[in-house]
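Q: Quick one: the structure is below, and I'll ask about it shortly.
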Amino acid sequence: MLPVAGTIEVNDIHKRYGDTRAVDGVTFEVQAGEFFGILGPNGAGKTTTLEIIEGLREPDSGTVSVFGTSPWPRNKGLLTRMGVQLQASSFFERLTAREQIRMFASLYGVAAGRADEMLDTVGLTDKADSRTEKLSGGQMQRLSIACALVHDPELVFLDEPTAALDPQARRNLWDLLRKINDAGRTVVLTTHYMDEAEALCDRVAIMDRGQVLELGPPATLVRGLEAPTRISVESGALPMADAQAIQPSATVEDDGVSLTFATTEPGPVLAALADRDALHGLSVKAATLEDVFLNLTGREYRA
Ligand SMILES: Nc1ncnc2c1ncn2[C@@H]1O[C@H](COP(=O)(O)OP(=O)(O)OP(=O)(O)O)[C@@H](O)[C@H]1O
């Protein structure tokens, strides 16, 4: 049997700008229905990678296939099957939200009624008559996502869709993105937020300096680290000697604010603290993708 081709296949792509190796040998596949994330700090090469897949840029070398064909040179057959989220700045001037999305719909030969439905899907019906420059950041992002989805594409690209949003607006947008994926669409998203990648993505490619350092489901990447869990309670909850006796393999520190255990076996430590009635101010922090990045690069993650 032939292997099943991915919706997207990226094979050893390179792109240089002068001396900058923006993309330096990137390879991955995205399967149909996947929520795939490209995660990395500013300048990692995420946008360049995405634009090459979208057919907006030509790689210097390497190949890309989307639905089995090359997106470069500009492939009109792919346009109707892909949705690309535009930055809010690319809206037509002085149109209302409804006029914007109907304009996008008409470009694809999509009926106005479908455009109005999409406004409703992204929760903007009550803003339909507002001019886009009057919308909040989150509302503009939702409108740009609605415009990307108006022709019902199978594959959706989102470039940092929640950048610069407040936490509540980000959460709302996450719910919307999950719905889009649950409806069967393949979603490729770039983000520099570790928590966003963890919350949304089935698999994530961690990029830095033009290269993919690690690729897999977020939970697998974190588990693969075998990084310790950090258990903190109030400073002085136990005398240091008693704390150290709980689990000789754990590292224990008391910094005057918290007494913290770093342990790969958190269960017995929690049980022992409960036995000693020493759970005041408890917080438990497992390793995150940030620890994975630190482990891979030796650098703290700075989005
Ligand atoms: N058109 C361009 N001309 C010259 N250099 C560029 C161009 N586009 C990107 N670069 C450089 O290539 C590198 C990768 O940029 P890219 O925008 O792909 O990264 P990114 O991970 O998307 O970053 P950000 O999160 O800041 O958008 C950066 O060093 C950037 O300065």
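The values are calculated or read from the model by the stated rules, or taken from the named source; none is laboratory data. The shown structure was predicted, so the numbers you read here are calculated from the model rather than taken from an experiment. For neighbour counting, all protein chains shown are included, and Cβ atoms are generated from backbone atoms with ideal geometry for every residue, glycine included. Heads up: the accessible areas ignore ligands, DNA and RNA and are worked out on the full protein's heavy atoms, side chains in. Shrake-Rupley method; radii C 1.70, N 1.55, O 1.52, S 1.80 Å.
Q: Out of the residues in region 175-194 meeting the condition of being within 16 Å of the ligand (Cβ to nearest atom) and of a type outside the set (Val, Ile, Thr), tell me which one is farthest from Pro161 (Cα to Cα).
A: Kept after step one, since they are within 16 Å of the ligand (Cβ to nearest atom), are these residues of region 175-194: 188-194.
Subsequent filtering for residues that are of a type outside the set (Val, Ile, Thr) retains 189, 192-194.
Details: Leu189: 8, His192: 10, Tyr193: 11, Met194: 14 Å.
Checking each candidate, the answer is Met194.
Q: Still on this structure, please answer the following. Being more than 10 Å from the chain's Cα centre (by Cα), more than 16 Å from the ligand (Cβ to nearest atom) and surrounded by 14 or more Cβ atoms within 10 Å (Cβ to Cβ): is that true of Ala219 here?
A: Details: more than 10 Å from the chain's Cα centre (by Cα): yes; more than 16 Å from the ligand (Cβ to nearest atom): yes; surrounded by 14 or more Cβ atoms within 10 Å (Cβ to Cβ): no.
Answer is no for this residue.
Q: Any chance you could count how many residues in region 64-74 are touching a residue at least 40 places away in the same chain (Cβ under 8 Å) and surrounded by 13 or more Cβ atoms within 10 Å (Cβ to Cβ)?
A: Let us first name the residues in region 64-74 that are touching a residue at least 40 places away in the same chain (Cβ under 8 Å), namely 64-68.
From what is left, the residues that are surrounded by 13 or more Cβ atoms within 10 Å (Cβ to Cβ) are 64-67.
Number of matching residues: 4.
Q: Does region 161-191 hold any residues that are under 10 Å from the mean Cα position of the chain (by Cα) and surrounded by fewer than 21 Cβ atoms within 10 Å (Cβ to Cβ), and which are they?
A: Result: Trp174, single match.
Q: Determine, yes or no, whether Phe104 is in a helix (DSSP H, G or I), closer than 21 Å to Pro161 by Cα and either of a type in the set (Lys, Arg) or assigned by TED's automatic domain parsing to the domain that holds Pro167 (or both). Please lay out each step first, then the result.
A: Values: in a helix (DSSP H, G or I): yes; closer than 21 Å to Pro161 by Cα: yes; either of a type in the set (Lys, Arg) or assigned by TED's automatic domain parsing to the domain that holds Pro167 (or both): yes.
Criteria met by Phe104.
Q: Within region 130-144, is there a residue that is in the same structural domain as Gly33 (by TED's automatic domain parsing) and closer than 30 Å to Ser65 by Cβ?
A: The answer is yes; a qualifying residue exists.
Q: Oh, and also: Under 6 Å by Cβ, and 6 or more places apart or on different chains, what pairs join a residue from region 27-55 that is modelled with pLDDT of 95 or more with one that is in a helix (DSSP H, G or I) and away from the ligand (no atom under 15 Å from the Cβ)?
A: Short answer, once both residue conditions are applied: Phe35/Asn181; Phe35/Leu200.
Q: Against the definition (charged (D, E, K, R), closer than 26 Å to Ile8 by Cα, in contact with a Phe, Trp or Tyr (Cβ under 9 Å, 6 or more places away or on another chain) and at pLDDT 90 or above), how does Glu154 come out, yes or no?
A: Values: charged (D, E, K, R): yes; closer than 26 Å to Ile8 by Cα: yes; in contact with a Phe, Trp or Tyr (Cβ under 9 Å, 6 or more places away or on another chain): yes; at pLDDT 90 or above: yes.
Against the criterion (charged (D, E, K, R), closer than 26 Å to Ile8 by Cα, in contact with a Phe, Trp or Tyr (Cβ under 9 Å, 6 or more places away or on another chain) and at pLDDT 90 or above), Glu154 qualifies.
Q: Evaluate region 23-33: report whether one residue or more is of a type outside the set (A, V, I, L, M, F, W, C) and surrounded by 21 or more Cβ atoms within 10 Å (Cβ to Cβ).
A: Taking region 23-33 first, the residues of a type outside the set (A, V, I, L, M, F, W, C) are 24-25, 27, 29, 31, 33.
Then drop every residue that is not surrounded by 21 or more Cβ atoms within 10 Å (Cβ to Cβ), which leaves none.
Within region 23-33, none of the residues are of a type outside the set (A, V, I, L, M, F, W, C) and surrounded by 21 or more Cβ atoms within 10 Å (Cβ to Cβ).
Q: Now for a separate question. Going through region 15-63 one residue at a time, which ones are over 21 Å from Thr297 (Cβ atoms), among the β-branched types (Val, Ile, Thr) and within 15 Å of the ligand (Cβ to nearest atom)?
A: Selection gives Ile52, Ile53.
Q: Just give me the residues in region 43-77 being under 18 Å from Gln31 (Cβ atoms) and assigned to a loop (DSSP other than H, G, I, E, B), in sequence order.
A: Those that are under 18 Å from Gln31 (Cβ atoms) and assigned to a loop (DSSP other than H, G, I, E, B): Phe67, Gly68, Pro71.
Q: Still on this structure, please answer the following. Out of curiosity, is Leu79 of a type in the set (A, V, I, L, M), within 21 Å of the chain's Cα centre (by Cα) and open to solvent by 50 Å² or more (accessible area, probe 1.4 Å)?
A: Working: of a type in the set (A, V, I, L, M): yes; within 21 Å of the chain's Cα centre (by Cα): no; open to solvent by 50 Å² or more (accessible area, probe 1.4 Å): yes.
In short, no.
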